[in-house]
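So the structure is just underneath, and the comments pick up after that.
Derivation of every value follows stated rules applied to the coordinates shown; laboratory data play no part. Nothing here was measured: the structure is a model prediction, and the numbers come from that model. Note: ideal-geometry Cβ built from the backbone for every residue, glycine included; neighbour counts use all protein chains shown.
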Amino acid sequence: MHINGVEIEDTFAEAFKMRAARLLITAINPQWAMTAAQVSTGFATSVIACGCEAGIEGVVPSDVTPDGRPGVSILIFTMGPKGMKDQLMRRVGQCIMTCPTTACFNGLEGEEWLKIGGTLRYFGDGFQASKLVGGRRFWRIPVMQGEFLVEEQFGMKKAVGGGNFLILGESVEATLGAAERAVEAMHAVEGVVMPFPGGIVRSGSKTSSQYKFLHASTNTAYCPSLRRQTDSALPEGVNSVLEIVIDGLDEDAVREATRVGVDAACRPGIVRISAGNYGGTLGQYQIHLQELWK
Amino acid sequence: MRSTTLRLRDSVTLPVEAESISPDRFAGLSQEEVAALPLLYGRRPVTVGDLFVVEGADVADIQVGRTSESASHLVGRASDGEEILLEGDLSHVKRIGQGMASGRITIRGNVGMHLGAEMSGGEIVVHGNAAAWMGAHMSGGVIRVRGDVGPMAGAAYPGEKRGMRGGSILVEGSAGPRVGERMRRGLIAVQGDVGEFSGVRMIAGSLFVFGTLGPRAGAGMKRGTIVALGSIEGDLLPVFHYACSYQPAFLRTYLRHLRGWGLPVTSDHVEGVFRRYVGDITTLGKGEILVYDRRQ
């Protein structure tokens, strides 16, 4: 199968069950809302080392936010429910509450609920106050600038993480350009984030290492510089590979983002689109690339 | 869902104790059984049928008092319950909807004391005025009054520690003295003026006043919020201390929510700066009166 002359490999991405939360951050202007969103989704590329995967879902216009201010929606993913509260407490408490003028609202009708504002409130040292507005409870935490408003509970739902595809290109420039186009197009899909820097991974990994103290190491089969030293998965002419990892609120969102991203990435200078998997042994979901257009 | 219309046969001058007129009491009853429900007319036991003409109707025929979508979460099971339409001068008919938990009551005319007192759900709409103690001790649901309300709306009965504990009271006219007395939770929004001692001994909750805030507001309040969007009669009590002028983040959210209910919230209110006064310092002192100052 080819799209715009680019081969779509007959393989699949292996994705996993995760848990997701959606936070809506508002602030006095779009810049401060984005600053809070960027900081609170920082160091959240891989759940293995960062505790969660997170990214910016999109900008939310002021006419639809609860307080009528510019907003940014972010998604946070963890492997299980236990880690989510810890991550939300850290990120809301250290990254959003500290950011000037922000407020933080729940953005998800969850299957489970996590008491975040209801726990952070103690920062108010007894001067915190709650308000019930439209059936939603908020906490007003006095801070030096004024007040930090945070919703008492945040919803958490089952989600899908680890969707991915690989862009195999002739050069760094061509591959990066294709990946950038893909990420830009994928931002239009609701309910997904690409948690790596700029949405792009250059250092994909495999789940083994020659070192006993490591569980994962560089994906040697896709390293162009190792083509003659290891079993390579790269066709001739490929000199650069980039990966886009996708976490979504459900499988359909991940599939749609993959399709949109691959479509956008298939451009001159790209040789093949592939995907990362573990032979279907680890993940609960298999996203077959060629089936995305059926 | 069934609708029942009660039309007052003749004007009444003696007080009528009418806690039987409630959607929960009407549920599952035939028209004749509704007419047989007991009332107290003065000191004389009578029935609903003695004072009212009782008519049944398909609810689709009744187009008044529909619950807005945005308020539906407060109304609880209103859409599943009974609907009662009351017509006539009910100024002497007391305790209508007392303790109701679901359904809807629409009143075309003035209504007497204790309307919706202790209610926990459902909706009451009054196309007229309501007398004292409306919504006293209510814990859920919505009461909308197109006209004025008397004293002690949402308040606590004498000797009780807590008044209104949830739900919403929305008044398009003015409210009498002591509105929200000992209020513990919930919302009272008055588009007109409020009398003296509004929010007196308030424990928590929110009271919005779009008109003039009467004297001695918030006396003895521990927590809670009084928002003065209009003017203030005289000065605030000296037991309230000025803290700062700012834009409380929660207020933007709250005011936009109220605007969605049709209250006259302007963009200036939403974008406005409020002076925060904290008190009553003779009690816990964690209450606040937020006075609208100007647009940012």
Original post:
Which residue, chosen from B:G262, B:A132, B:A228, occupies the Cα position most advanced towards the positive end of the dipole of the range B:2-295, where the dipole is computed from +1 (Lys, Arg) and -1 (Asp, Glu) charges on Cβ about the Cα centre?
Top reply: B:A228
Original post:
Under 23 Å from the Cα of A:K158, which lysines turn up, not counting those fewer than eight places away in the same chain?
Top reply: A:K17, A:K82, A:K85, A:K115
Original post:
Between A:Y122 and A:Q284, how many nm apart are label points set 7 Å from Cα along the C-beta direction?
Top reply: 3.2 nm
**OP:** Restrict the search to the range A:155-255; then list the trypsin sites (Lys or Arg not before Pro) that DSSP places in a loop and that have at most 11 other Cβ atoms within 10 Å of their Cβ.
**Re:** A:K212, A:R228
Original post:
Do any chymotrypsin sites (Phe, Trp or Tyr not before Pro) in the range A:24-113 lie in a DSSP loop with no more than 16 other beta carbon atoms within 10 Å, and if so, which?
Top reply: A:F43
**OP:** Just the Kirkwood number for the range A:19-157, please: inverse of mean 1/r across all distinct Cα pairs, in Å, one decimal.
**Re:** 14.6 Å
Original post:
Rounded to the nearest 20 Debye, what is the dipole magnitude of the range B:1-52 about its Cα centre when Lys and Arg each give +1 and Asp and Glu each give -1 at the C-beta?
Top reply: 100 debye
Original post:
What is the fewest-to-most order of A:C95, A:C223, A:C104, B:C244 by other Cβ atoms lying within 10 Å of their Cβ?
Top reply: B:C244, A:C223, A:C95, A:C104
Subject >> J(HN,Hα) series, the range B:197-210, from Karplus relation 6.51 cos²θ - 1.76 cosθ + 1.60, nearest Hz, glycine and proline x >> reply: 6, 5, x, 5, 6, 5, 9, 5, x, 9, 10, 9, 10, 8
Original post:
Amide H of B:R104: which non-local residues (sequence gap of 5 or more, or other chain) have their own amide H closer than 5 Å, using H built in the peptide plane?
Top reply: B:E82, B:E83, B:I84, B:E123
**OP:** Would you please give the FRET efficiency between A:E236 and A:K157, computed as 1/(1 + (r/R0)^6) with r the Cβ-Cβ distance and R0 = 51 Å, to the nearest 0.05?
**Re:** 0.70
Subject >> Whichever aspartates and glutamates have a C-alpha closer than 17 Å to that of A:K157, once near sequence neighbours (fewer than 8 apart) are set aside >> reply: A:E53, A:E57, A:D86, A:E109, A:E111, A:E112, A:E190, A:D247, A:D250, A:E251, A:D252
Original post:
So how do A:M84, A:M79 line up by other beta-carbon neighbours within 10 Å, fewest first?
Top reply: A:M79, A:M84
**OP:** Would you tell me the mean number of C-beta atoms belonging to other protein chains that fall within 10 Å of each C-beta in B:243-252, as a whole number?
**Re:** 6
Original post:
Can you work out ³J(HN,Hα) from phi for every residue in the range A:52-62, in order, using Karplus 6.51 cos²θ - 1.76 cosθ + 1.60 and θ = phi - 60°, giving whole Hz and x for Gly and Pro?
Top reply: 7, 10, 8, x, 8, 7, x, 7, 10, x, 5
**OP:** Could you work out the mean count of beta carbons from other protein chains within 10 Å of each residue's beta carbon in A:145-152?
**Re:** 3
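Size of the dipole of the protein assembly as shown about the Cα centre, Lys and Arg at +1 and Asp and Glu at -1 on the beta carbon, nothing else charged, in debye to 20?
I would put it at about 1840 debye.
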**OP:** Let me know the volume per residue of the alpha-carbon convex hull for the range B:68-224, in Å³.
**Re:** 85 Å³
Original post:
Farthest toward the dipole's positive end in the range B:2-295, which of B:G116, B:V179, B:S11, given Cβ charges of +1 (Lys, Arg) and -1 (Asp, Glu) about the Cα centre?
Top reply: B:V179
Subject >> Hits among aspartates and glutamates - C-alpha to C-alpha of B:K286 under 17 Å, sequence gap 8 or more where chains match >> reply: A:D125, A:E147, B:E181
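How high is the FRET efficiency from A:E170 to B:A243, r the C-beta distance, R0 60 Å, rounded to 0.05?
After rounding, the FRET efficiency stands at 0.40.
Could you work out the helix-only [θ] at 222 nm for the protein assembly as shown, with each DSSP H run of four or more residues adding -39,500 (n - 2.57) and the total divided by the number of residues, to the nearest 500 deg cm²/dmol?
Computed mean residue ellipticity for the protein assembly as shown: -4000 deg cm²/dmol.
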Subject >> Peptide A:60-68 - average C-beta neighbours from other chains (10 Å radius) >> reply: 3
Original post:
Which cross-chain or sequence-distant (5 or more) residues have an amide H under 5 Å from the amide H of A:V143, H modelled 1.01 Å from N in plane?
Top reply: A:F148
**OP:** Would you please give the residues with an amide H less than 5 Å from that of A:V271, counting only those at least 5 places away or on a separate chain, with H modeled from the backbone geometry?
**Re:** A:L168, A:G169, A:E170
Subject >> Karplus 3J(HN,Hα) series, Hz, for the range A:96-112 with 6.51 cos²θ - 1.76 cosθ + 1.60 (x for Gly, Pro) >> reply: 9, 4, 6, 7, x, 6, 7, 9, 10, 10, 6, x, 9, 7, x, 7, 9
**OP:** Could you calculate the FRET efficiency of B:E233 with B:R146 from 1/(1 + (r/R0)^6), where r is the beta carbon distance between them and R0 is 25 Å, rounded to 0.05?
**Re:** 0.55
Subject >> 0 to 90° range, to nearest 10: angle between helix A:251-265 axis and chain A longest Cα axis >> reply: 50 degrees
Subject >> Dipole magnitude (debye, nearest 20) for the range A:19-157, charges at Cβ of Lys, Arg, Asp, Glu >> reply: 240 debye
Original post:
Exactly which GluC sites (Glu not before Pro) in the range B:76-164 are in a DSSP loop and have at most 14 other Cβ atoms within 10 Å?
Top reply: B:E160
Subject >> Cut-off of 10 Å, at most 16 other beta carbons, DSSP loop: longest stretch of chain A lacking such GluC sites (Glu not before Pro) >> reply: A:1-108
Original post:
Can you list the residues of the range A:216-235 with backbone N under 13 Å from a point 7 Å past the Cα of A:E7, pointing along Cα to Cβ?
Top reply: A:233-235
**OP:** For the range A:1-27 and the range A:208-286, write down the distance between their C-alpha centroids in whole Å.
**Re:** 11 Å
